[in-house]
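A.B. asks: One structure follows; several queries about it will come next.
The values are calculated or read from the model by the stated rules, or taken from the named source; none is laboratory data. Worth saying up front: this structure is predicted, and the values here are computed from it rather than measured. Reconstructed Cβ throughout: ideal geometry from the backbone, glycine too, with neighbour counts over all protein chains shown. Quick note on the areas: whole protein, heavy atoms, side chains included, nothing else; ligands and nucleic acids left out. Shrake-Rupley method; radii C 1.70, N 1.55, O 1.52, S 1.80 Å.
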Amino acid sequence: MKNVIVLLFVFVSVLKLNAQDSLEVKRKLRFPVWTTHSANSDILGLSLAAFPKHVFKRDTTLARTYGVRLEASIVGVFSPLMGRSPVSNSRAEFVNKQEKVPTEIIYGINLSSGTFGVTKVHGISSGLFIQYLYNMNGISLATMSNFIERHNGIAISAFGNEVYKSNGLLAGFGNIVSDFNGIQIGGFNEIQMKGIGIQIGIFNEAKNFKGLQIGLWNKNEKRSFPFFNWQFKG
């Protein structure tokens, strides 16, 4: 009975969102299984994807999943061969990307060989190889690497994480972030612009940093020390 009440609550919430959106664009409610490549769709249940939504048809309409999204993407399989990081490398580039309208939003669980595109996840996202997420709120897991523009929560991967703006925990062999608040744990950790928190690793480096560094070698703007370093004033 409790599960039925929860499902009804979610269903009513979706209908409410659908009614609000109908003032601007006619949206379609899909249940229980549908494809994310359908234009202007709200999928309650299981959504299926095969490639980033805008790749072939240049479809920039929004698909929302309330439940579980499964993606077997060939882009994810070949993502380790990409030449450069897809994460923003400047404030201007980051702002430009954040002004884009997402083509997919997932409320729940995202399971993919590697998600790419203008995608937001609220919940859990797991990538078999490498995944690039536009916004991530929750837990992000990847076998190789997480690439995220804006992150709130926990990001864990074997090789490491590269994020432009992050609040939370980053754990992996290497963690690189431009704007950071939280804890970094890895072989090497780097904060490129500013950060507040703790770095724990073999090598730690940070600019405009307030917090603690614990590792074999630690570098901030004030000093470089082995084992333990700190900076509490700008």
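A.B. asks: Within region 142-187, work out how many residues are open to solvent by 20 Å² or more (accessible area, probe 1.4 Å) and not in a strand (DSSP E or B).
C.D. replies: Counting residues in region 142-187 that are open to solvent by 20 Å² or more (accessible area, probe 1.4 Å) and not in a strand (DSSP E or B) gives 5.
A.B. asks: Hey, can you tell me all the residues within region 188-214 that are closer than 24 Å to ALA158 by Cβ and open to solvent by 10 Å² or more (accessible area, probe 1.4 Å)?
C.D. replies: PHE188, GLU190, GLN192, GLY197, ILE198, ILE200, GLY201, ILE202, PHE203, GLU205, ILE214
A.B. asks: Consider LYS219 carefully, then state whether it is modelled with pLDDT under 95, open to solvent by 70 Å² or more (accessible area, probe 1.4 Å), charged (D, E, K, R) and farther than 26 Å from GLY108 by Cβ.
C.D. replies: no
A.B. asks: Within region 95-106, is there a residue that is in a loop (DSSP other than H, G, I, E, B), touching a residue at least 24 places away in the same chain (Cβ under 8 Å), open to solvent by 30 Å² or more (accessible area, probe 1.4 Å) and of a type outside the set (Asp, Glu)?
C.D. replies: yes
A.B. asks: When PHE129 is evaluated against the numbered criteria (1) open to solvent by 20 Å² or more (accessible area, probe 1.4 Å); (2) within 22 Å of TRP34 (Cβ to Cβ), which criterion, by number, is the only one it fails?
C.D. replies: For PHE129, the failing item is (2).
A.B. asks: I've got another one for you. PRO80 is checked against (1) at pLDDT below 85; (2) farther than 17 Å from SER113 by Cβ; (3) not hydroxyl-bearing (Ser, Thr, Tyr) and fails just one. What number does that condition carry?
C.D. replies: It is condition (2) that PRO80 fails.
A.B. asks: Separate question: Looking at region 1-55, which of its residues are in contact with a helix residue (DSSP H, G or I) (Cβ under 7 Å, 6 or more places away or on another chain) and at pLDDT below 90?
C.D. replies: The answer is PHE51, PRO52.
A.B. asks: OK, next. So ILE139 passes all but one of these: (1) modelled with pLDDT of 95 or more; (2) in a loop (DSSP other than H, G, I, E, B). Which condition number does it fail?
C.D. replies: Result: ILE139 fails condition (2) only.
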